[in-house]
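Participant: Supplied in structure tokens, the structure appears directly below.
Computed from the coordinates by the stated procedures, all read-outs in this text should not be read as laboratory data. Only a predicted model underlies this, so the values are computations on that prediction, with no experimental measurement involved. Here Cβ is always computed from backbone atoms with ideal geometry, including for glycine, and neighbour counts include all displayed protein chains.
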Amino acid sequence: MSIGDIVGSVNPHQGLSEILEELHRDGPVNESALEALSYYKVFHPEEFFFYEERVLSALGLFYKNQEPSNLYSLLMSEFGVRHKEDYGVVLTPVQASMRRAIDDSRFVSISAPTSAGKSYSIRDYIAGIRGNAVVVVPTRALIAEYVKLMRRRFYNDKNVMILSHVDDVFKNRSPRKIFILTPERARELFLDSFGVDVDFFFFDEAQVSDEGRRGIHFDVLVRRVERKFPNAKLFFAHPFIENPEAQFRKHRFPEEDGFSKSYRQAAVGKIFVHKHSQNKKYYYFSPHVSNGHHIQNCVDFRGRFEDFALDGEKAVLVYVSKRSIYNGKFLDGFARYVDKLQDINDAEAVSIIDKISSMIGADNNEHQSRMVFLMRKGVVIHHGSIPLEARLLVEDFITKRFAKLCFATSTLAQGVNMPFDICLLYTSPSPRDRG
């Protein structure tokens, strides 16, 4: 069904019921169906509301619907009840499948979209074991995110240490240690001075193994881990690949002790908008349709996209270059919107901003003081050169939904998950030139 068919539908119930039937039969593996749901929610909100609880159940999002009000949702919720009995928490079918795989196999290699919740499953598994664990991520930005998430998961637990470097400390007390490392930092696990045993390794974004020199470092690390920690479980997670079992063949892991699966399930529908290069009008379009960006396959976006995106109600992520951040041009086209924003007065938000200001010495640096000034209006700057502790606070500020607008470099495109409603890409100085 095309966007135009959905928008002009005189019987939205029929289309929604057909999508619900498909989700129940096949699971949420069709991105076009999820996209269609998004358009139904935008253009037929009353009809969508009637089906929303059933859709959540068909998607397996049981944690969002723990008090079902209809028979279908009640029956489907029994899967969530079973998962809670087995693991103590309500999991989606994909998350439960991953947990069973870890329990039953020594080597696990999976592919799943970001929205599948694999990181949540891994954190929950690590929380339930008694031994030490290592999480290997490709970038420092992901170290920052995992450190933050792990600290939140083990808040006030003095028997667990979250470390972003290899360090064998507190030997007398011997707390559990969870290391969050890049492959380069993980090499220190093999020093003679390091005497900590490790029970579980999680290799996130494991597709790095295909990236030239970085891939060589990654593969060497995996083989050294296998030799030094022969009893440890190894879990590889990739986004959007068809052959996650390739990790087993590459490293000659025994297939009888391994589990691999490419999960296609998703839980998020996306709507795409672009500005036509010739007539300068905005259009809804679908990337799932051949030539979906052509006008005959699009639907008019009424009004100006910037008025819709920058209404103060939505959190907007804008990808920019680091150079534009340093020369100030990242604000071109947004100045009038930023000027209208009122200073944030939420006590928790102000506390985060004050900590960042003190940490980076904003009063003594023009660039940093501008960053803090903007942050007081809910405008955030995020890039890899911000000190780690300050970046963690910035991400906490975003996660708690204090940020209305975020200008970020590719550090937020490398698996870091933040709650934005709109992602804006444009190449010209103003968002009016392209949405």
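Participant: Does the range 305-424 classify as rounded, prolate or oblate by the C-alpha gyration tensor (a ≥ b ≥ c root eigenvalues; a/c under 1.5 gives rounded; else a/b over b/c gives prolate, otherwise oblate)?
Facilitator: Note, shape of the range 305-424 comes out rounded.
Participant: Right, next: Read phi for every residue in the range 211-224 and hand back ³J(HN,Hα) as whole Hz from Karplus 6.51 cos²θ - 1.76 cosθ + 1.60, θ = phi - 60°, with x for Gly and Pro.
Facilitator: Going residue by residue, I get 10, x, 4, 4, x, 5, 4, 5, 5, 4, 4, 4, 6, 5 Hz, with x marking Gly and Pro.
Participant: As an exercise, find the ratio Rg/Rh for the range 3-68 from alpha-carbon atoms, using the Kirkwood inverse-distance average for Rh.
Facilitator: Rounded to two decimals, Rg/Rh equals 0.96.
Participant: Quick check: from the Cα gyration tensor, does the range 21-134 come out rounded (a/c under 1.5), prolate or oblate?
Facilitator: prolate
Participant: In a Gaussian network model over the chain where Cα atoms closer than 10 Å are linked, find which of K177, K340, K228 has the largest mean-square fluctuation.
Facilitator: In this elastic network of the chain, the residue with the biggest mean-square fluctuation among K177, K340, K228 is K340.
Participant: I want the antiparallel fraction of DSSP beta bridges within the chain, as a percent rounded to 5.
Facilitator: Antiparallel: roughly 15 percent of the beta bridges in the chain.
Participant: I've got another one for you. Once the other residues with Cβ under 15 Å from the Cβ of V137 are scored (Lys, Arg +1; Asp, Glu -1), what is the net sum?
Facilitator: +2
Participant: Further question: Using Cα pairs under 8 angstrom and six or more residues apart, how large is the relative contact order of the chain, in percent?
Facilitator: RCO, the chain: 16 percent.
Participant: Moving to a separate point now. Taking θ as phi - 60°, what are the ³J(HN,Hα) couplings along the range 84-89 by the Karplus curve (6.51, -1.76, 1.60), each to the nearest whole Hz, with x for Gly and Pro?
Facilitator: 5, 5, 7, 10, x, 9
Participant: Still on this structure, I have one more. Would you pull out the residues with amide H under 5 Å of S262's amide H, same chain only if 5 or more places away, H placed 1.01 Å from N?
Facilitator: Here the answer is S111, since their amide H atoms fall under 5 Å of that of S262.
Participant: How large is the charge dipole for the chain, taken about the Cα centre, if only the Cβ atoms of Lys, Arg (+1) and Asp, Glu (-1) carry charge, to the nearest 20 debye?
Facilitator: In debye, rounded to 20, the chain gives about 1260.
Participant: Can you give me the pair-distance distribution of the range 88-244, C-alpha pairs, 10 Å bins, whole percents?
Facilitator: 10, 42, 38, 9, 0
Participant: For the range 104-152 and the range 242-272, compute the distance between their C-alpha centroids and round to whole Å.
Facilitator: 15
Participant: Would you mind counting up the charge near H165? Only other residues with Cβ under 12 Å from its Cβ, with Lys and Arg at +1 and Asp and Glu at -1.
Facilitator: 0
Participant: How big is D, in µm² s⁻¹, for the chain by Stokes-Einstein at 10 °C and 1.306 mPa s if Rh is the Kirkwood radius over C-alpha pairs?
Facilitator: 66
Participant: Also, I was wondering about something else. Convert each backbone phi in the range 320-331 into a coupling constant with the Karplus relation 6.51 cos²θ - 1.76 cosθ + 1.60 (shift: θ = phi - 60°), then list the ³J(HN,Hα) values in order as whole Hz, x for Gly and Pro.
Facilitator: Couplings: 9, 8, 5, 4, 5, 5, 6, 8, x, 6, 4, 8 Hz.
Participant: Taking the chain as a Gaussian network, Cα atoms linked when under 10 Å apart, which of A116, A133, A246 shows the biggest mean-square fluctuation?
Facilitator: Sorting by GNM fluctuation, first place goes to A246.
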